[in-house]
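Below is one structure; the comments refer to it alone.
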């Protein structure tokens, strides 16, 4: 019995599977190369240089080893064949991320339904910002290598409004010369934030410019991407993406036709745009000077914008602009104070240039319309405590350009729309996070009049599964 | 859009032009300074080494600077410690580097933990136990007897990446191992007075060092790995060890020093900052001075 137990233990103490030759053991004649392990916790070979143990000691050790062997060794029969076809070690990495909030707002839920950002959003999506408890999402993220040639990623999201395949794509692993190809449905690399999932955002919500131009959850669509990383000692990366460009959730880009019946009975309609209709180019670079890290980027999105309001009312209209351009400039500066503490200043400007046809149901005519809109956000985040669990941050949002002309006549639209947000965050570990956020929003309008909104949110974000990577 | 494409093409052309002279020296990216030090011993001036982490950074929480992506893009070899120590910062960098050589499974990806027998491999893993590593304790380099196995793996990888230099790498490795053997014997002897001494440590960091020197770790200031010390836990440590003699408290250079200082004061025992890596403290300049410093700081 003792003999069997000991040999099992010795078997268990073999080095792990290795792609390299095992150490030969010639380096030290007196001590084993493999680390010595205390008997009580894990089986291993006893060191030879320790003082000669007493008989009692030896007996105790044998007992401990037997006990350890009984606890650890699987029954031989099941170990040999029962696992023959078990493949669960090939299962993809699976993470679950969920997000809840407690919301207090100066806006009653009824008014929330008709809140607008003039010239940009007719009805704000207030999901996650209605009073009381809010379940925001449950996200399932999978990833695995498909084979030596591809990696697979997929993110499925369940929200109160339904189920969404947020992303599902493959990346190549083997393309030469620094190229990588991505195919599937995915978030565009446009700007600093579009490619980031909600749980890594620094605030509860997207910056205003993202909400009005990219949509509350960012631009995601079926398509393909080629990315190229330059062989230089800093980061220089170029992405080129082609998307289908048809997206009902986008506030700007949607490559569809319109069909409208005017008050006077005229039919106003457009041809279906050529698809794929959306192209994105982005360039990112990053370099360090000691503990100062800079990240700069420029992105351009080019595609077909269609927006329609079709309710059978005289206010019905359709706007169709084939060559709509959205551009973005980003600058992030991070100062690393220590292993855990840092200050990050992040800025981004987004601008829209859109010229096209405006079909109005009221007069049955198609007018030439021109949109020039833009804005930015600037935020400062300070990770301030030693183990890096606390962060505090502030963000300023501004839409400073809001021009819309019809047949050369400027429409009266408010600009200088602002929002001020602050947050305090506590993360007990990388897997759980509590965030308190206060926002004073001066960008919303209710029935044509400015409606200032105060929001106080307490958010809880929980992640289980494999270790996520720290975001930069 | 046309401009974009032209930029892309001209940038690609530049890269091809740059790629030719870059072949001359083997480009190696390593995660921690100790690996760079070992590569230096074996490759001498045949390799161009970039190190991602700094010695005085928490090895678990290295900031993934985007500039690392550019370095990984050009690397012939990526040598990591492994055992999930780099799990928080290396995978996203590799994904963006677009370099098939250094992808896990690629010919230039080297995981040093594979060549060592890891201790404290948990039977069950649950994050309720804090930041535990399913593969076992990843800080194996703190036992000097683990160094030869690691050095061999590095020499082997260098030889594969640069066949022309294989002879030189073998020669340098042999010379290094010979020196190491002498040094190890000296360290073994030097460590003898430490056998049986009970110590506290901040994090489960110096376990291999303690095993090698025969010191007994009787407590950690962290209640669980990666969870900062709480006053309640420290109080419990004091109470539990009130009757026994604790020799000293050892900690690393990157954690806060208030907790070890406070406990040391209450127990009237010394506390020391030990290097967990080359360059973690100025005295630990290379692999040899790393263990010299470790021993010098804990010896009575």
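Listed from fewest to most Cβ neighbours within 10 Å, the set A:304, A:197 follows the order A:197, A:304.
Please work out the Cα center distance from segment B:152-226 to segment B:248-300, rounded to the nearest Å. Rounded to whole Å, the Cα centres lie 16 Å apart. For chain B, the longest principal axis of the Cα atoms and the long axis of helix B:2-22 meet at an angle of about 70 degrees.
Mean separation of Cα pairs under 8 Å and 6 or more residues apart, divided by the residue count, gives segment B:190-298 a relative contact order of 22 percent.
Note on A:172-181: average number of Cβ atoms from other chains within 10 Å of each residue's Cβ is 5.
Each of B:287, A:196, A:214, B:103 was scored by other Cβ atoms within 10 Å of its Cβ. Listed from fewest to most, they are A:196, B:103, B:287, A:214. Note on chain B: Kirkwood hydrodynamic radius from all Cα pairs is 20.8 Å, rounded to one decimal.
With respect to chain B, whose longest principal axis is taken over its alpha-carbon atoms, helix B:258-267 is tilted by about 20°. Residue separation of residue A:289 and residue A:400 scaled by 0.36 nm, minus their Cα-Cα distance, works out to 36.7 nm of gained length. With Cα atoms defining each centre, segment A:99-121 and segment A:254-283 are spaced 29 Å apart in the structure.
Within segment B:20-185, antiparallel bridges make up roughly 0 percent of the DSSP beta bridges whose residues both belong there. P(r) tail for segment A:182-223: Cα pairs beyond 15 Å make up 36% of the total. Separation of segment A:351-393 and segment A:195-241, taken as the distance between their Cα centroids, equals 15 angstrom. The mean sequence distance of close C-alpha pairs (under 8 Å, at least 6 residues apart), as a share of the length of segment A:122-277, puts its relative contact order at 13 percent.
Computed extension gain for residue A:440 through residue A:131, at 0.36 nm per residue and net of the alpha carbon distance, reaches 109.7 nm. With R₀ fixed at 22 Å, the C-beta to C-beta distance from residue A:325 to residue A:296 puts the FRET efficiency at about 0.65. Roughly what angle does helix B:231-240 make with the longest principal axis of chain B, taking Cα atoms, 0 to 90 degrees, to the nearest 10? The answer is roughly 50 degrees. The value for segment B:20-185 of Rg(Cα) / (2.2 N^0.38 Å) is 1.04. Per residue of B:108-121, other chain Cβ atoms within 10 Å of the residue Cβ number 5 on average. Per-residue mean of foreign Cβ neighbours for B:208-218 is 2 (Cβ atoms of other chains, 10 Å radius). The coefficient of translational diffusion for the protein assembly as shown, derived via Stokes-Einstein from the alpha carbon Kirkwood radius under 20 °C and 1.002 mPa s, stands at 73 µm²/s.
Between residue A:263 and residue A:378, the simple spin-label model (points 7 angstrom out along Cα→Cβ) gives 4.5 nm.
The modelled label-to-label distance for the pair residue A:386/residue B:256, using points 7 Å beyond Cα in the direction of Cβ, is 0.5 nm.
Arranged from fewest to most other beta-carbon atoms within 10 Å of their beta carbon, B:235, B:120 become B:235, B:120. Given R₀ = 56 Å, what would the calculated FRET efficiency be for residue A:87 paired with residue A:161, taking r from the Cβ atoms and rounding to 0.05? It comes out at approximately 0.95. The relative contact order of segment A:96-464, computed from alpha carbon pairs under 8 Å that lie at least 6 residues apart in sequence, is 14 percent. Helical runs assigned H by DSSP (4 residues or longer) give the protein assembly as shown a calculated mean residue ellipticity at 222 nm of -6500 deg cm²/dmol, each run adding -39500 (n - 2.57) before division by the residue total. A simple packing score, the average count of other Cβ atoms within 10 Å per residue, orders the peptides A:385-398, A:151-164 as A:385-398, A:151-164, with the highest score first. Beta bridges per DSSP, both residues in the protein assembly as shown: antiparallel share near 90 percent.
Rule-based calculations on the coordinates, nothing more; no lab input. As the structure is a computational prediction, the values presented were derived from the model and not from experiment. Please note: Cβ atoms are built from the backbone with ideal geometry, for glycine as well, and neighbour counts cover all protein chains shown.
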